[in-house]
Amino acid sequence: IQIAAVQFPAGKYYLVASATEEFTVNIATDEVPAPAAFALTAPEDNAREQNNPISLAWEAAQYASSYNVYIGTSSDLSDVEPIVVTTNYCQTENLLNNTRYYWTVKADNDQGTTPTTSGTWSFVTTLDVPQNISANPTQIYEGESTMISWSAPENINGSLDYNIYVNGDLKGNLEDIN
């Protein structure tokens, strides 16, 4: 039996054979090069008001077997432990609100590592607003007071100041200490 030459893309392949007589299989392989050039795609560089969680995406790099995703709050990502994925996207988790994040990706395989042609991009997460705002009592008359309460947003970067307005007039400022 003779099988015509067939070219396969880079990847792992398994050969299963069964025979009643001795036979020889010759397999020629070309060395796979380091991953090809690729670019970041989303979110776009300097994007603002990105909702948590955020999906980072980039072009698929030919010959890549995995990608090292670097994300941090400093533009110097040299000390950041990468997130290793085998797809051309990565879902972020537990990012701080109202914070600038920097990110980049390197494609990897047994022959080497190729950084993205885009360099390092950044985005800013949204600032969530307080939830469950309530007043007790809900109806007051001139000279009376009320207790206002709310649930602060989670994952806040630092402390927040809250301005209290009544009918459009600033009535007070409170600092929320996290």
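The values are calculated or read from the model by the stated rules, or taken from the named source; none is laboratory data. Not measured: the values here are computed from a predicted model. No Cβ is skipped: glycine too gets one built from the backbone with ideal geometry, and neighbour counts run over all protein chains shown. What goes into the accessible areas is simple: the full protein's heavy atoms, side chains included, and nothing from ligands, DNA or RNA. Shrake-Rupley method; radii C 1.70, N 1.55, O 1.52, S 1.80 Å.
With protein chains left intact and a 1.4 Å probe, residues in the chain average 74 Å² of accessible area per residue. For the range 92-175, the equivalent ellipsoid built from the Cα gyration tensor has semi-axes of 47, 12, 8 Å, listed from largest to smallest.
Of the GluC sites (Glu not before Pro) in the range 31-135, the ones in a loop by DSSP (not H, G, I, E or B) with at most 13 other beta carbons within 10 Å are Glu31, Glu44, Glu93.
When the Gaussian network model of the chain links Cα atoms closer than 10 Å, the mean-square fluctuations of Gly119, Gly143, Gly72 top out at Gly143. Beta bridges per DSSP, both residues in the chain: antiparallel share near 90 percent.
Evaluated with a Cβ-only charge set (Lys, Arg +1; Asp, Glu -1), the chain carries a dipole of roughly 240 debye about its Cα centre, given to the nearest 20. Temperature 37 °C, viscosity 0.692 mPa s: under these conditions the Stokes-Einstein estimate for the chain, based on its Kirkwood radius over C-alpha pairs, is 155 µm² per second.
Convex hull volume of the C-alpha atoms in the range 51-152, normalised per residue: 130 Å³. Taking every alpha-carbon pair in the range 14-75 and binning the separations at 5 Å intervals from zero gives 3, 10, 16, 15, 10, 10, 7, 7, 7, 6, 4, 3, 2, 0 percent. Within the range 112-155, the proportion of C-alpha pairs whose separation exceeds 17 Å stands at 63%.
Computed over the range 74-114, the convex hull of the alpha-carbon atoms projects to a mean area of 3.8 nm².
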